[in-house]
Amino acid sequence: MAHQSLITIEHHIMMQEREHPEATGVFTGLLMDIALAGKIISREVNKAGLVEILGSTGSVNVQGEEVQKLDEFANSTLIDSLDHTGRVCIMSSEEDSNAIEIPPQYPCGGYTAAFDPLDGSSNIDANVPVGTIFSIHRKISKGPRGDEDDLLQVGRRQVAAGYIIYGSSTMMVYTTGNGVHGFTLDPSVGEFLLSHPNIRTPRRGRTYSANESNYHHWSEGIRRYVDRLKETDKPSGRPYNARYIGSLVADFHRNLLTGGVFLYPADVKDPKKPTGKLRLLYEAAPLAFVAEHAGGYASDGYQPILDLEPMSLHQRVPLFIGSLDDVKEIEQYIAEHDKRS
Ligand code: AHG
Ligand code: MN
Ligand code: MN
């Protein structure tokens, strides 16, 4: 068995930083702050059944969704690990309707952080994998403190993005645009150790992930595409496998490693949800950044997710993400069968 040297995420990020001559230690520090928050959230997620942290808080967030206690814990852990370090100038979270400013007693830094503190939270009580998704941009506003313009930047300008998945093991996957790298947490020493260097996603997969209870709300192109995946006349004979966990991070991570495509289309029949469910800033754009840097692709059905100009913090977009050829094929079905609304 080839001896895998022990590379911690700290060491790896510092090595990555040397590739960016203009980067300072601030960038490394920011990614380490997120890793720290991930370790703390992992500890709570992994003992959730034992302490009074399961279940819902009884309150509803800006998305109109019931806030789980672990959502709130993850959110405050991320904010508390980022707001005083002088590395960040403003933040955005799925759980906060407005941008999160840096308290006046703390200095502002040159980066922003947007995050989904706990993705898949409706699954927590059923012990299904959940995750944290994060997206980092450079500050572009002129003032001393950050503002919304720093957050509403096109996804392709991200300087880093990734996620932490709390599953059978806790893994942190990130990219700074120089390959996608996965680290597995060894909880006995509290270190994320390199376990998946240079993740590349297969050009085409054999898995599709979609909530098919929405089938009759999809456009004709999407319905035809998913029907096609099930036909058994293919040379390979077997249709695609359906795998849907209901946690975006878990579905995305499996498809990233083994190939496949995740679909959350727009709902053409529900004027309240014309653009789908997933949020651009802290779900679609960071995962699209990871997908593209692993050789995959992410689209809203018409164009790359990474080219979409965000108009608001909680803007929703249709999301097709994963293996390059599979996502491109979805765009073809849409071009062929859907009239552009
Ligand atoms: P969150 O828990 O952060 O609100 O995200 C839930 C999202 C995503 O994780 C998952 O892919 C999707 O909701 C599942 O939606 P459906 O239950 O409508 O399939
Ligand atoms: Mn989410
Ligand atoms: Mn969430």
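Ranked by solvent-accessible area (1.4 Å probe, protein heavy atoms only, all chains present), the residues 175, 275 order from largest to smallest as 275, 175. Applying the criteria of a DSSP loop state and at most 14 other Cβ atoms within 10 Å to the trypsin sites (Lys or Arg not before Pro) of the stretch 111-160 yields 142, 145. In a simple Cβ point-charge model (Lys, Arg +1; Asp, Glu -1; nothing else charged), the chain has a dipole of about 920 debye relative to its Cα centre. Counting Lys and Arg as +1 and Asp and Glu as -1 over every other residue whose Cβ lies under 15 Å from the Cβ of residue 39, the net charge comes to -4.
For the chain, which whole percent of the accessible surface, found with a 1.4 angstrom probe, sits on carbon and sulfur atoms? Numbers along the way, then the final one.
Working: 7640 of 14780 Å².
Heavy-atom surface of the chain belonging to carbon and sulfur, 1.4 Å probe: 52 percent.
Sorting 137, 84 by solvent-accessible area of protein heavy atoms yields 84, 137, largest first, with a 1.4 Å probe. Within the assembled protein chains, the solvent-accessible surface assigned to residue 83 is about 30 Å², based on a 1.4 Å probe. Lys-Lys pairs in the chain that are eight or more residues apart or on separate chains and whose Cα atoms lie under 29 Å of each other come to 26. Our helix-only sum for the chain, with -39,500 (n - 2.57) per DSSP H run of n ≥ 4 divided by its residues, gives a mean residue ellipticity at 222 nm of -8500 deg cm²/dmol. The charge dipole of the stretch 9-196, taken about the Cα centre with unit charges on the Cβ atoms of Lys, Arg (+1) and Asp, Glu (-1), comes to about 580 debye, rounded to the nearest 20. Residues considered: 321, 164, 41. Largest GNM mean-square fluctuation over the chain, using C-alpha springs under 10 Å, is found at 41.
The mean accessible area for residues of the chain, using a 1.4 Å probe and ignoring ligands and nucleic acids, is 43 Å² per residue. When every Cα-Cα distance of the stretch 9-196 is counted in 10 angstrom steps from zero, the calculated P(r) takes the values 9, 37, 36, 16, 2 percent.
Residues 220, 329, sorted by accessible area with the largest first, give 220, 329 [1.4 Å probe; ligands and nucleic acids excluded]. Compactness check for the chain: Cα Rg over 2.2 N^0.38 Å is 0.97.
The values are calculated or read from the model by the stated rules, or taken from the named source; none is laboratory data. On a predicted model such as this, the values are computed, not experimentally measured, just so you know. Don't worry about glycine lacking a Cβ; one is built from the backbone with ideal geometry, like all the others, and counts go over all protein chains shown. Accessible surface is based on the protein model in full, side chains and every heavy atom, while ligands, DNA and RNA are left aside. Shrake-Rupley method; radii C 1.70, N 1.55, O 1.52, S 1.80 Å.
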